[in-house]
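Worksheet: the structure to be examined is printed underneath.
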Amino acid sequence: MSKRILEKESVYKKASPIRKGKWKEWHNQRYLYYMSIPFVLWVFVFQYFPLWGWTMAFQKYRPGLGFFEQKWVGLEHFRTLFQDDHFYQVLRNTLAMSFMGLVAGFVVPVIFALILNEVRIGVMKRFVQTVSYLPHFVSWVVAAGIVTKMLSTDGGVVNSILLGLNLVDQPIPFMSQGHWFWYIVTSADIWKETGWNAIIYLAAISSIGPELYEAARVDGASRLKQMWHITLPGIRPTIIVLLIMSIGHLLGNGFEKQFLLGNHMVIDYSEVLDLYALNYGLSMGRYSFGTAINIFNSVISLFLLFAANGIFKRVTKESIM
């Protein structure tokens with residue numbers, strides 16, 4: 001008995017310095033914790049508390065009735081969703097445009113940042129960077145109008161160039177042909193967001209030590225080899241973190257682009273999950289069905305986030321959690 005008591009006392013003595021150290025650390029950083037309280041409350045109120053609304057997906061929700069007065073229907077709305085053939089067409093469109101945007105939205109900004117970093121004329125570099133990220137501040141309403149006008153068959157810039165170079169005999173109706181729609185949305189997104197997305201890569205490049213480039217030049221490395229062996233490995237953690245977060249939002253690509261650039265002639269290619277929830281859920285008063293679509297979207301996004309994080313953590317030793 002005395003031996004056990006002595007063992008417990010020794011364990012307590014070993015643990016007590018750790019507890020004191022943690023308490024001291026918390027006490028020293030208490031003002032930082034106090035400052036974080038408003039942000040924690042904001043996240044809870046606007047991000048976690050609304051999850052209570054997910055219960056509508058398991059009810060036949062009727063506005064005006066209290067929570068306990070609603071009729072519970074279990075997984076009926078999810079069965080309706082998965083039995084709808086139109087849902088799989090919408091899912092195809094969402095995955096196709098999201099994947100194209102994911103690839104182009106990473107490759108193009110990285111290449112642009114690498115090229116811009118090699119520009120040695122400061123005035124030219126700042127000018128190009130400013131011009132490239134200005135479209136980010138243009139709303140999609142205006143951007144969609146510009147894209148539609150450029151691709152118009154009546155005096156559109158693209159068709160005028162094609163006709164002027166004798167590449168086509170008559171104007172191409174880009175906006176009324178479904179098989180062009182995915183490429184139009186992806187190209188418009190690249191034009192609008194490339195400069196803005198490149199900013200974080202340029203910031204990561206600026207943190208790379210200049211002595212690495214000096215050593216590489218002494219060894220006779222060309223600028224292309226410096227980019228490949230120094231710049232790209234230096235910004236790899238940034239690329240991986242942003243890629244993981246983008247994969248987590250693969251299904252949540254919004255609906256502004258598709259809604260503004262689409263029309264009834266290309267609806268088989270333009271309708272995405274968010275538009276599907278809007279058209280067949282909220283617009284028709286089927287709030288529970290719209291909530292079920294949102295839950296499906298969130299669960300799949302969460303799964304993709306953890307899957308991508310686990311794969312990159314195992315392969316590259318880089319992760320976000």
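The values are calculated or read from the model by the stated rules, or taken from the named source; none is laboratory data. Here the structure is a predicted model, which is why all the values come from computation and not from measurement. Here the Cβ is made from the backbone with ideal geometry for all residues, glycine too, and neighbour counts use every protein chain on show. All accessible areas refer to the heavy atoms of the entire protein, side chains included, with ligands and DNA or RNA removed. Shrake-Rupley method; radii C 1.70, N 1.55, O 1.52, S 1.80 Å.
Only one of the numbered conditions (1) within 22 Å of Pro173 (Cβ to Cβ); (2) under 27 Å from the mean Cα position of the chain (by Cα); (3) without any contact (Cβ under 8 Å) to a residue 12 or more places away in the chain is violated by Gly155, and that is (2). Being open to solvent by less than 60 Å² (accessible area, probe 1.4 Å), farther than 30 Å from Pro233 by Cα and either modelled with pLDDT of 90 or more or not in a helix (DSSP H, G or I) (or both): is that true of Ala143 here? Judged against the criteria, Ala143 is a match. Take Gly155 and tell me if it is at pLDDT below 90, at positive phi and not β-branched (Val, Ile, Thr). Answer is yes for this residue. Residue count for the range 68-83, restricted to those that are surrounded by 10 or more Cβ atoms within 10 Å (Cβ to Cβ), of a type in the set (A, V, I, L, M, F, W, C) and in a helix (DSSP H, G or I): 3. Summed over the range 299-318, the residues that are open to solvent by less than 40 Å² (accessible area, probe 1.4 Å) and either within 17 Å of Thr55 (Cβ to Cβ) or in contact with a Lys or Arg (Cβ under 9 Å, 6 or more places away or on another chain) (or both) give a count of 1.
To keep it simple, each residue is scored yes or no on (1) modelled with pLDDT of 85 or more; (2) touching a strand residue (DSSP E or B) at 6+ places or on another chain (Cβ under 7 Å); (3) open to solvent by 100 Å² or more (accessible area, probe 1.4 Å); (4) β-branched (Val, Ile, Thr).
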residue	(1), (2), (3), (4)
Tyr12	no, no, yes, no
Lys24	no, no, yes, no
Tyr31	yes, no, yes, no
Pro38	yes, no, no, no
Trp42	yes, no, yes, no
Pro50	yes, no, no, no
Thr55	yes, no, no, yes
Tyr61	yes, no, no, no
Leu65	no, no, no, no
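Sub-7 Å Cβ pairs linking a first residue in the range 102-120 that is modelled with pLDDT of 90 or more to a second residue that is basic (Lys, Arg) and open to solvent by 20 Å² or more (accessible area, probe 1.4 Å), at least 6 apart or interchain, are Leu116/Lys125, ordered by first then second residue.
Which fully enclosed helices (runs of 4 or more DSSP H) of the range 218-284 have 2 or more residues being surrounded by fewer than 20 Cβ atoms within 10 Å (Cβ to Cβ)? So that I can check it myself, show each step before the final result.
On the way: elements: 223-226, 232-248, 256-261, 267-270, 273-277.
Per the criteria, 223-226, 232-248, 256-261, 267-270.
Remark: Val90 matches the filter, which requires a residue to be assigned to a helix (DSSP H, G or I), open to solvent by less than 40 Å² (accessible area, probe 1.4 Å) and closer than 22 Å to Gly254 by Cβ. You will find that of Gly156, Gly178, Gly209, Gly195, the residue that is over 30 Å from Val266 (Cα atoms), among the small types (Gly, Ala, Ser) and open to solvent by less than 60 Å² (accessible area, probe 1.4 Å) is Gly209 and no other.
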